[in-house]
Amino acid sequence: MASEKVETVVAGNYVEMEREGEEDQEGKSSSTRSNLSKIFWHGGSVYDAWFSCASNQVAQVLLTLPYSFSQLGMVSGILFQLLYGLMGSWTAYLISVLYVEYRTRKEREKVDFRNHVIQWFEVLDGLLGKHWRNIGLFFNCTFLLFGSVIQLIACASNIYYINDNLDKRSWTYIFGACCATTVFIPSFRNYRIWSFLGLIMTTYTAWYLTIASLLHGQVEGVKHSGPAKMVLYFTGATNILYTFGGHAVTVEIMHAMWKPQKFKLIYLIATIYVLTLTLPSASAVYWAFGDLLLNRSNALALLPRTGFRDAAVVLMLIHQFITFGFACTPLYFVWEKFLGVHETKSLLKRALTRLPVVIPIWFLAIIFPFFGPINSTVGSLLVSFTVYIIPAMAHMITFASASARENAVERAPKIVGGWVGLYSMNIFVVVWVFIVGFGFGGWASMVNFVHQIDTFGVFTKCYQCPKHKV
């Protein structure tokens with residue numbers, strides 16, 4: 001019976017995960033918890049995963065993409081969105097393949113994951129060894145740390161446009177305390193209603209930016225000079241690289257699914273939807289305001305205050321709280337595992353354990369409140385490796401041998417040309433991102449970041465605020 005089960009797994013039927021999914025659903029149906037709790041709290045379906053991916057992928061970066069267009073120009077801005085959208089979807093697929101491969105191998109060894117959330121560094125450890133684990137852990141945790149910092153900075157930047165009685169630094173203190181409440185959300189499965197609402201919020205904001213900009217029309221003497229400088233060009237490109245690099249939490253989202261093997265194309269479908277939001281909004285705002293965006297990294301700063309704009313600000317604030325949770329939850333898991341409390345059933349104990357994780361995030365958001373430029377810096381130095389280069393290289397090395405390819409749980413898709421086409425795409429991703437994203441992008445974003453420090457200083461009280469308000 002055991003050998004029969006292994007043969008089925010090797011054939012790619014994922015028997016273990018199917019059974020676990022069925023058992024989970026049966027357990028839920030016999031649970032004494034209310035139906036309302038199941039609807040809002042217990043997610044694990046394909047739809048939940050799609051909402052999580054789409055909601056997490058486009059958050060505050062929606063407001064900085066017009067800024068990137070002013071650096072890149074309209075044509076390059078559109079092309080880079082399409083390119084990095086496809087590349088991001090491809091590497092998310094690779095991560096999903098490696099997750100399924102790792103989990104299937106471990107479940108053949110009778111490893112039980114019911115009280116344990118699998119993470120990316122553990123996948124690398126199981127498939128490639130401790131050195132890959134350490135590299136993955138460093139890049140993933142550092143990226144998610146700064147990803148959380150960016151959400152906190154965005155909260156302060158946005159609320160300032162409807163209430164400037166406090167400076168942005170003060171708002172950062174307040175929202176840091178608010179975001180700390182995410183320690184009480186156990187896992188990605190419990191973000192069901194939040195992911196759904198988050199996507200509605202970003203959809204509203206994207207179409208508000210589009211329609212409001214078109215109705216506003218072009219400002220007098222508008223100029224569209226981008227691309228004007230190489231530094232700005234590659235800074236804008238790496239912000240878009242960052243935009244479609246939200247799949248650093250792919251493994252945690254997959255693990256929250258009842259049947260994670262169904263994840264395969266979810267990220268691609270989510271990316272296609274996200275492009276229907278980012279392309280029209282960024283194009284419309286850049287068309288209306290042109291080079292004015294070079295000094296206004298938050299698109300909301302240029303639109304007149306109306307009830308619709310205030311609604312967009314409030315909705316984005318709520319969404320940034322959600323995205324903060326998405327970015328920080330994997331860090332909570334890592335910290336729990338380090339302290340040995342990850343598998344405890346006490347929610348309060350886990351929440352109290354998680355609180356110290358928020359402190360450095362809070363501190364970094366106060367030191368570097370550079371909304372916009374920080375995205376590009378994180379994109380070039382961290383995202384480039386975390387979600388593009390490392391997954392592509394890990395996939396190639398994992399399936400380098402003929403036996404590994406023969407026994408792979410997930411076969412190379414014929415649509416890309418089998419294993420040859422798959423390796424060709426992986427090599428392209430590694431070379432392109434290393435040269436353009438990390439190389440040129442890293443140089444440009446660091447030059448721009450240092451310029452922000454020279455201009456505004458660290459711990460700046462109110463970044464890009466009108467002078468009479470500072």
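The values are calculated or read from the model by the stated rules, or taken from the named source; none is laboratory data. From a predicted model like this one, the values you see are computed outputs, not experimental measurements. All Cβ positions, glycine included, derive from the backbone under ideal geometry; neighbour counts span all protein chains shown. With ligands, DNA and RNA removed, areas are computed over all heavy atoms of the protein, side chains included. Shrake-Rupley method; radii C 1.70, N 1.55, O 1.52, S 1.80 Å.
The range 158-236 and the range 81-106 have Cα centres separated by 27 Å. Our estimate of slack between residue 113 and residue 403, defined as 0.36 nm per intervening residue step minus the Cα-Cα distance, is 101.7 nm. Take the Cβ-Cβ distance between residue 308 and residue 414 as r, set R0 to 51 Å, and report the resulting FRET efficiency rounded to the nearest 0.05. With a Förster radius of 51 Å, E is 0.60.
Cα gyration tensor of the range 113-188, axes a ≥ b ≥ c as square roots of the eigenvalues: rounded (a/c below 1.5), prolate (a/b > b/c) or oblate? Prolate. For the cross-link pairs 264/337; 130/168; 110/414; 106/337, the ones whose C-alpha atoms lie over 30 Å apart are 130/168; 110/414. Tell me, what % of the accessible area of the chain is carbon and sulfur with a 1.4 angstrom probe? The C+S portion of the solvent-accessible surface of the chain is 67 percent. Rounded to the nearest 500, the 222 nm mean residue ellipticity of the chain from helices alone is -22000 deg cm²/dmol, with -39,500 (n - 2.57) taken per DSSP H run of at least 4 residues. Estimated translational diffusion coefficient (Stokes-Einstein, Kirkwood radius over Cα pairs, 10 °C, 1.306 mPa s) of the chain: 70 µm² per second.
Taken about its Cα centre, the range 44-456 carries a charge dipole of about 800 debye when Lys and Arg each add +1 at the Cβ and Asp and Glu each add -1 at the Cβ.
Computed from backbone phi, the HN-Hα couplings of the range 349-365 come to 5, 5, 5, 5, 5, 6, 3, x, 5, 6, 4, x, 5, 4, 5, 5, 5 Hz, rounded to whole numbers (Karplus: 6.51 cos²θ - 1.76 cosθ + 1.60, θ = phi - 60°; Gly and Pro given as x). The 3J(HN,Hα) values that the Karplus relation (6.51, -1.76, 1.60; θ = phi - 60°) gives for the range 195-203 are, in residue order, 5, 4, 5, x, 5, 4, 5, 6, 5 Hz. Gly and Pro appear as x. Between residue 193 and residue 130, the modelled labels are 4.5 nm apart [label points 7 Å from Cα along Cα→Cβ].
Model label points for residue 337 and residue 177, set 7 angstrom from Cα along the Cα-to-Cβ axis, are 3.4 nm apart. Taking all protein chains as shown and a probe of 1.4 angstrom, residue 52 keeps an accessible surface of around 10 Å².
Report, to the nearest 10°, how far helix 61-72 tilts away from the longest principal axis of the Cα atoms in the chain, using its own Cα long axis and a range of 0 to 90°. Between helix and principal axis, roughly 60 degrees. For the pair residue 218 and residue 451, the difference between a 0.36 nm per residue extended length and the Cα-Cα distance amounts to 81.0 nm.
Say the dipole of the chain comes from +1 at the beta carbon of Lys and Arg and -1 at that of Asp and Glu; which of 419, 431, 193 then lies farthest toward its positive end? Of the candidates, 193 comes out farthest on the positive side. In sequence order, what are the phi-derived ³J(HN,Hα) couplings for the range 254-262 according to the Karplus relation 6.51 cos²θ - 1.76 cosθ + 1.60 with θ = phi - 60°, rounded to whole Hz, with x for glycine and proline? With coefficients 6.51, -1.76 and 1.60, one gets 4, 5, 6, 7, 5, 10, x, 5, 8 Hz.
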